[in-house]
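Shown next, in structure tokens, is the structure this report addresses.
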Amino acid sequence: TATTEIYTLSLTRRSSDLNALPQTPSWRGHEYRGSLNDKWTVANGLLESTLAYAETRGRTGPQGDRPFVMTPTANEGNYFARTERLGNRAQWTETFTLSPFNARGAHHVKAGSIVVRSNVGGEYLFRDILIPGATPLRFTNRGPYAVNDWEAGLFAQDHWVLSPTLSLDYGLRSDWQKVSAATRLAPRAALSWSPRVDPATVVRLGYGWFYDRVPLSAYGFDHWPLRDGFAHILGQRSSAGPLVFGRSRPGNFVPRTQTASLAVERRFSPFFHLRAGYQDSRSHGLLILQPAANTVTLSGAGQARYRQFELLSRFRFRLNQELMLSYVRAFNRGNLNDFTEFLGDFPAPVLRPDFRAEMNGNIPHRLLLWGEIPFTRKQNWRFAPVVEYRTGYPWSPIDATQQYAGPPNSLRYPNFFSLDFRLARDLQWKDRRFRVSFAMFNVTNHWNPDTVRWNTADRL
């Protein structure tokens with residue numbers, strides 16, 4: 001069987017509170033995807049083979065030739081960057097699923113391999129940026145870049161049902177990426193236990209190591225425009241422990257995450273279900289940009305910590321009448337100078353010192369209620385409410401020179417509240433079915449700002 005995705009064309013203009021339309025970048029691009037899949041029953045198992053190909057292109061540019069000027073009240077002129085990126089990826093995957101067998105319990109074993117060839121090329125063209133009261137940011141463009149890579153991986157996993165109340169999942173994955181000269185081992189395990197055969201209560205434990213591929217755009221850093229007086233340095237990975245192998249050299253990054261989770265589910269009745277869960281993720285080796293006196297280093301020393309506690313309850317009053325209530329307490333802290341902010345399709349104009357602080361999207365508290373309630377016995381009228389209350393996003397004050405004017409992400413937007421709903425009616429005509437709906441958002445007209453005038457020199 002073969003599957004092919006549709007060619008798509010996107011035209012986008014980005015804007016913010018400090019950018020009127022002439023200052024925003026324009027973007028256009030396309031994406032092709034295709035895959036060929038074959039399944040074959042062989043040797044008491046199922047062999048699945050997949051060939052896939054993808055190609056993406058993106059172009060970013062200004063909407064004029066005027067200089068880009070960053071003032072405390074608003075940006076002026078036209079966007080400073082013109083970028084182009086073309087990438088493709090060919091992937092061959094083989095997966096073999098063995099028929100279940102018994103050996104002190106039922107085993108469901110799966111193993112597989114993957115081989116990937118990828119290429120990316122492009123160019124960054126920056127123009128000077130003017131900041132009143134500060135030295136202009138002047139750039140020297142360095143021409144196009146091209147990077148190619150091979151990746152290979154092997155994995156094996158087993159779902160072991162030891163008893164009707166106890167099951168164990170465990171596995172090991174090995175990945176190799178040529179461009180980073182690193183071979184990585186990623187073990188993982190999960191346990192599911194129920195005190196009784198009737199799974200009214202289920203306890204789940206999990207732990208695993210996970211590695212991210214190093215994006216090839218990171219190796220275009222040598223061709224990133226040079227700011228006057230600055231040199232570019234491609235750093236090395238930080239210590240990766242006993243599960244990473246490979247010689248040490250510039251660019252041998254190994255971004256990785258260790259994640260542990262615990263969840264308890266309890267069905268108190270057919271009408272009420274409760275789930276409590278905790279997750280702790282620690283990431284190391286993340287790619288960040290670190291400016292110094294006369295250098296900018298692409299480093300693998302970034303770290304992040306994410307912790308989350310969640311309570312989720314489900315109320316089911318009768319058939320197709322359900323309400324869900326969720327509360328999440330989260331903590332997310334890490335390095336702010338993620339390299340994608342500067343080596344992506346929309347480069348940020350100013351590279352500030354790197355700090356470890358609350359991440360931009362961190363929400364300490366979030367309460368969410370949603371569901372669907374039929375109005376009539378025939379259930380052709382449906383009412384679907386959504387209520388959300390959460391902490392506001394963090395933001396950083398900056399000064400007239402576009403540098404931090406205080407601790408990054410030390411301030412927050414006001415708390416967010418929104419009451420939304422959708423009222424829908426299903427209509428039947430012969431063998432066809434239609435749905436007519438009416439939706440309303442932020443019914444209470446609560447003030448939920450999503451932008452802020454963050455410059456301390458802005459007197460408006």
>> Below 30 Å, Cα to Cα, which lysines can Lys39 reach? Residues fewer than 8 away in the same chain don't count.
In response: Lys110, Lys178
> Where in the stretch 358-390 does the amide nitrogen come within less than 14 Å of the point 7 Å from the Cα of Gln428, taken along Cα to Cβ?
Replying inline: 377-381
>> Restricting to Cα pairs below 8 Å that are 6+ residues apart, what does the relative contact order work out to for the chain? Please round to a whole percent.
In response: 9
> By average Cβ neighbour count within 10 Å, what is the ranking of 95-106, 207-218 from highest down?
Replying inline: 207-218, 95-106
> Stretch Leu226-Glu388 to full length: gain in nm at 0.36 nm per residue minus the Cα-Cα span?
Replying inline: 53.8 nm
>> How much length would be gained if the chain were fully extended between Thr340 and Asp38, taking 0.36 nm per residue of separation minus their Cα-Cα distance, in nm to one decimal?
In response: 105.1 nm
> In the chain, with Lys and Arg counted as +1 and Asp and Glu as -1 at Cβ, which of these residues, Leu226, Val161, Gly45, has the Cα nearest the positive end of the dipole, that is, farthest along it?
Replying inline: Val161
> At a Förster radius of 22 Å, what calculated FRET efficiency corresponds to the Cβ-Cβ distance of Ala134 and Tyr413, to the nearest 0.05?
Replying inline: 0.20
> For the residue pair Ser174 and Val350, what label-to-label distance in nm results when each label sits 7 Å from Cα along the Cα-to-beta-carbon direction?
Replying inline: 4.9
> Could you give the nm distance between label points at Val115 and Ser99, where each point is 7 Å from its Cα heading toward the beta carbon?
Replying inline: 3.0
>> What lysines does Lys378 reach when the alpha-carbon gap must be under 27 Å and sequence neighbours fewer than 8 apart in one chain are set aside?
In response: Lys430
>> How big is the dipole moment of the stretch 381-453 about its Cα centre under a simple scheme where the beta carbon of each Lys and Arg is +1, that of each Asp and Glu is -1, and everything else is neutral? Debye, nearest 20, please.
In response: 520
>> I'd like to compare 285-298, 61-74: which one has the highest average count of other Cβ atoms within 10 Å, and what's the full order after that?
In response: 285-298, 61-74
> Where nothing but the Cβ of Lys and Arg (+1) and of Asp and Glu (-1) is charged, how large is the charge dipole of the chain around its Cα centre, in debye to the nearest 20?
Replying inline: 1100
> Using θ = phi - 60° and the Karplus curve 6.51 cos²θ - 1.76 cosθ + 1.60, what whole-Hz ³J(HN,Hα) does each residue of the stretch 153-168 get, with Gly and Pro shown as x?
Replying inline: x, 10, 8, 8, 8, 9, 9, 9, 8, 6, 7, x, 10, 9, 9, 10
>> What's the magnitude of the charge dipole for the stretch 237-333 around its Cα centre, counting Lys and Arg as +1 and Asp and Glu as -1 at the beta-carbon? Answer in Debye, nearest 20.
In response: 100
> Going toward the positive end of the dipole of the stretch 152-284, with +1 on Lys and Arg Cβ and -1 on Asp and Glu Cβ, which of Phe271, Gly246, Phe210 do you reach last?
Replying inline: Gly246
>> With the crude spin-label approximation of a point 7 Å out along Cα→Cβ, what separation in nm comes out for His446 versus Ala200?
In response: 3.6
>> Could you work out how much longer the chain between Phe317 and Phe210 gets when fully extended? Use 0.36 nm per residue separation minus the Cα distance between them, nm to one decimal.
In response: 34.5 nm
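Just so you know, all these numbers are worked out from the coordinates, no wet-lab data involved. All of these numbers come straight from a predicted model, not from anything done at the bench. Positions of Cβ are backbone-derived with ideal geometry, glycine not excepted, and every protein chain shown enters the neighbour counts.
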